[in-house]
Amino acid sequence: MTHVGQSAEGAQQTGSSGGAPGAGDPERVGWKDIVGAYVGLTKPRVLELLLLTTVPVMFYAEKGIPDLRLVIATVIGGAFSAGSASTYNCVYDRDIDEQMRRTRRRALPRHVVSARSALIFATILAILSTVILWVEVNPLSAMLSLGANAFYVFGYTMLLKRRTTQNIVWGGIAGCFPAMIGWTAVTGELAWTPFILFLVVFFWTPPHTWALALRYREDYRNVDVPMLPVVRSAAEVGKQIVLYTWVMVATSMLLWPVADTGWFYPVVAAVLGIVFLVEAHRMWGRAKGSEDLAVIRPMRLFHHSNLYLSLLFVAVAIDPLLKF
């Protein structure tokens with residue numbers, strides 16, 4: 001399991017923008033700082049989104065409340081996998097993280113943790129994740145999680161991120177796997193239901209991430225990372241966000257007939273989708289008339305996208321409990 005929208009990684013900082021005692025000076029860093037640094041490498045806020053797209057699918061796959069031990073094993077294995085991928089990402093991107101305002105307080109730019117130690121930590125997490133999922137869940141879930149981890153590290157971080165404006169579109173595939181993993185953890189096999197949820201996250205990731213990248217476009221420009229807001233106008237970014245949002249909402253509604261959900265899911269999905277579309281169109285409208293971020297307010301859409309995904313997957317979990 002790995003990132004839902006590499007996205008949330010951008011919103012998370014490991015500290016404030018000012019200096020901190022012990023930054024760059026290992027002798028003045030206490031054990032609490034070191035523990036906090038290792039936790040920060042895993043990007044806990046990303047983990048929250050990942051688990052939120054895993055556990056609800058387990059409820060739907062079970063058509064009720066899944067076995068608690070299975071949920072715990074899936075959550076721990078998935079969290080270790082995502083934490084591993086995030087840590088590898090921090091190691092590879094430490095050169096640009098040192099130059100970007102929102103990432104320069106991370107552990108590696110501050111020299112609280114060495115690159116070698118971070119690599120060892122990431123590898124241990126990857127091994128533990130695979131073993132836990134293989135033994136306590138099933139081999140299919142373990143292989144999906146390992147594949148997502150590898151795709152995020154090699155596909156997105158090392159190959160796509162610094163080379164193309166489509167980096168987050170295709171790199172975001174890695175963040176779609178939690179839905180598959182949650183389903184296979186319960187059923188032991190793949191099906192159309194988790195694939196539709198996979199696609200929902202796939203189409204959700206660009207609007208979510210581009211809104212954040214628009215807010216931090218100068219950061220990306222300064223380190224030559226070609227995020228779409230760096231190479232296109234705010235109006236064009238707004239247009240692309242609207243297009244992806246329409247496809248995302250349409251895809252979310254497909255779950256109703258394909259998975260034969262009850263009434264609760266389609267009602268919630270429709271309401272959430274309409275609200276998201278209104279917000280996306282409003283941001284696009286503001287972007288048409290200005291490049292000023294204070295006018296465009298991209299973070300409003302970013303935070304709304306988090307709420308959308310959270311509530312949509314909660315609806316996935318609740319629906320089978322209400323279906324009689």
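The values are calculated or read from the model by the stated rules, or taken from the named source; none is laboratory data. Fair warning: this is a prediction, and the values are worked out from it, not measured in the lab. No Cβ is skipped: glycine too gets one built from the backbone with ideal geometry, and neighbour counts run over all protein chains shown.
Figures for the structure shown
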| read-out | value |
| --- | --- |
| Options S233, S290; residue that is surrounded by fewer than 21 Cβ atoms within 10 Å (Cβ to Cβ) and closer than 17 Å to T165 by Cβ | S233 |
| Complete set of residues in the range 250-272 that are hydroxyl-bearing (S, T, Y) and under 22 Å from the mean Cα position of the chain (by Cα) | T251, S252 |
| Scan of the range 33-76 for residues that are among the β-branched types (V, I, T), surrounded by fewer than 20 Cβ atoms within 10 Å (Cβ to Cβ) and not in a helix (DSSP H, G or I), ordered by number | I65 |
| Wholly enclosed helices (runs of 4 or more DSSP H) of the range 85-166 bearing at least 3 residues within 29 Å of I72 (Cβ to Cβ), without any contact (Cβ under 8 Å) to a residue 12 or more places away in the chain and of a type in the set (D, E, K, R) | none |
| Qualifying helices (runs of 4 or more DSSP H) (wholly inside the range 215-324; at least 3 residues being under 26 Å from V71 (Cα atoms) and modelled with pLDDT of 95 or more) | 234-259, 264-289, 298-322 |
| Test: V153 is aliphatic (A, V, I, L, M), buried (at least 22 other Cβ atoms within 10 Å of the Cβ), within 18 Å of the chain's Cα centre (by Cα) and under 27 Å from W183 (Cβ atoms) | yes |
| Selection count where residues are surrounded by 23 or more Cβ atoms within 10 Å (Cβ to Cβ), at pLDDT below 95 and of a type outside the set (A, V, I, L, M), scope the range 98-135 | 3 |
